[in-house]
1. Of the heavy-atom accessible surface of the chain (probe 1.4 angstrom), what whole percent is carbon and sulfur?
2. Per residue, how many Å² of accessible area does the chain show with a 1.4 Å probe?
3. So which trypsin sites (Lys or Arg not before Pro) in the stretch 262-325 are both in a DSSP loop and have at most 15 other Cβ atoms within 10 Å of their Cβ?
4. For the stretch 296-312 and the stretch 9-68, what is the separation of their C-alpha centers, rounded to whole Å?
5. Angle check, please: helix 12-23 long axis (alpha carbons) against the longest principal axis of the chain (alpha carbons), in degrees 0 to 90, nearest 10.
6. When the expected Rg is taken as 2.2 N^0.38 Å, what fraction or multiple of it is the alpha-carbon Rg of the stretch 359-463?
7. Can you check what the net charge comes to around residue 257, using other residues whose Cβ is under 14 Å from the Cβ of residue 257 (Lys, Arg +1; Asp, Glu -1)?
8. Using only the alpha-carbon atoms, how far is helix 146-159 inclined from the longest principal axis of the chain? Give it as 0 to 90 degrees, nearest 10.
Amino acid sequence: QQAVIGVTGLGVMGRNLARNFARHGYPVAVHNRTSAKTTALMEEFGHEGDFIPAETPAEFVASLARPRKMIIMVKAGLSTDAVIDEYAPLLEPGDILVDGGNAHYADTRRRERTLRELGIHFVGVGISGGEQGALEGPSIMPGGSAEAYASLGPILEDIAAKVDGVPCCAHVGPDGAGHFVKMVHNGIEYADMQLIAEAYDILRKGAGLSPAEITEVFRTWNSGRLESYLIEITAEVLAHTDAATGRPFVDVVLDQAEQKGTGRWTVQAALDLGVPVTGIAEAVFARSLSGHAAVRGAARELPGASGAGLEASFADAVEQALYASKVVAYAQGFDQIRAGSEQYDWNIDLGAMATIWRGGCIIRAHFLDRIRAAYQADPATPTLLSDANFAAEISKGQDAWREVVVAAIRRGIPAPGFASSLAYYDGLRAERLPAALIQAQRDFFGAHTYRRDDREGFYHTHWELPGRPEARIDV
Ligand code: 6PG
């Protein structure tokens, strides 16, 4: 008997993905560099389905039905290249080699190009949902050729999470498109987490609520428009008491956030594309700031404001600030996907991306259905903020949003996510921006030219001459 699909790399994600295929009735080949993990998988979960264990890559490849479909589940980076180098000579034209790791999309583009020359379909797939998602139904973001998707896609759709019967998996676009979208997903994940953390901090320090009280606030929010996996688990975390000390668990954890890099990549890519993802950037930098222990130590005694004094009912305003800032984070993320899609000719369907994020992934939420609806109503909508429904909600909540930012600033509670999202909103809606002044400054010191709002063309003012005459510049 031959396997329909294979998984090499049986860490927790690989193992759970293989089990997911097996549970859906697909004979699945499994392989790991060291066979102990393969043996453990067979012993513990072999009864769950049709696993075909392989000791060597050659054995693994031989057990796959043609065209072969195999998924690499190793730590993104050099190990991925090593595994590809090992398998490429064993595969044949038409075979499909899938990378299910959190690879950088530029690496995926490079690998796809190289393997295409050998006739092998290389498919970079973003998989979100952590260990449990991999096992019970992740959100899957496959890139690669349409031809590869035609035979691989139905299997992935089968094991993906479903919302209203619709699989959380769709062909994103060619080469690195899947990994690009997964990267932006993670950037949005960072922003979402940072905004939730700021809401918690304001309720804790500003309104003096205990973690147990904030748990209740989050549970209430979770039955409203903020309903999401991240809000739900935040309530769980805040409700947890440390067994060793009896203190709230959140007080015991060292307050230095780590990162594996996908949030940083999102911001780096956004800088290159010229897309302002300010909320995501603040979230990445907030993690960096938290980890700067020595600098924080040196600054600890600096004067500042402090104080509580907010009523518990202020939580309603915080909910509005959180919601509005969240809309901004998603608007920025989708903006970046659109820019990436244009840059690389991926032709990504933004509404479809919102659809496949409704379930399975870390940022899953009902909210995504509203984004899906916004793109359905107008696929060319320039920003989610101008969608009629989101615009109406934000206009209702914007006073509260401003109040929350002011309240945090007055009390010396850092809320970079809330504040920068609000600045983004105000920046976009401004009738005129001081960018005009920046253009004039650039022209003054560097003759960089400017455009006028009343005439076409580029101009330079001779700042050094009397009367400062203006000249039209041919470019
Ligand atoms: C997912 C997650 C996952 C990521 C973790 C940790 O979608 O399942 O995004 O891919 O590895 O969230 O990311 P950081 O270590 O960078 O916080």
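1. Numbers: 11780 of 22020 Å².
For the chain, the apolar C and S fraction of the accessible surface comes to 54 percent.
2. On the way: 22020 Å² over 475 residues.
Here the per-residue accessible area is 46 Å².
3. Loop-located and lightly packed - 300.
4. Spelled out, the Cα-based centre of one part sits 53 Å from the other.
5. Long axis of 12-23 versus the principal axis of the chain: about 60 degrees.
6. Working: Rg = 19.7 Å, N = 105, 2.2 N^0.38 = 12.9 Å.
Taking the Cα Rg and dividing by 2.2 N^0.38 Å, one obtains 1.52.
7. Numbers: positive: 260, 264, 287, 296; negative: 189, 192, 198, 201, 255, 258, 282.
Charge balance near residue 257 sits at -3.
8. For helix 146-159, the angle is close to 90 degrees.
The values are calculated or read from the model by the stated rules, or taken from the named source; none is laboratory data. Fair warning: this is a prediction, and the values are worked out from it, not measured in the lab. FYI the Cβ positions are ideal-geometry reconstructions off the backbone, even for glycines, and counts take in every protein chain you see. Protein only, heavy atoms only, side chains kept; ligands, DNA and RNA dropped before computing areas. Shrake-Rupley method; radii C 1.70, N 1.55, O 1.52, S 1.80 Å.
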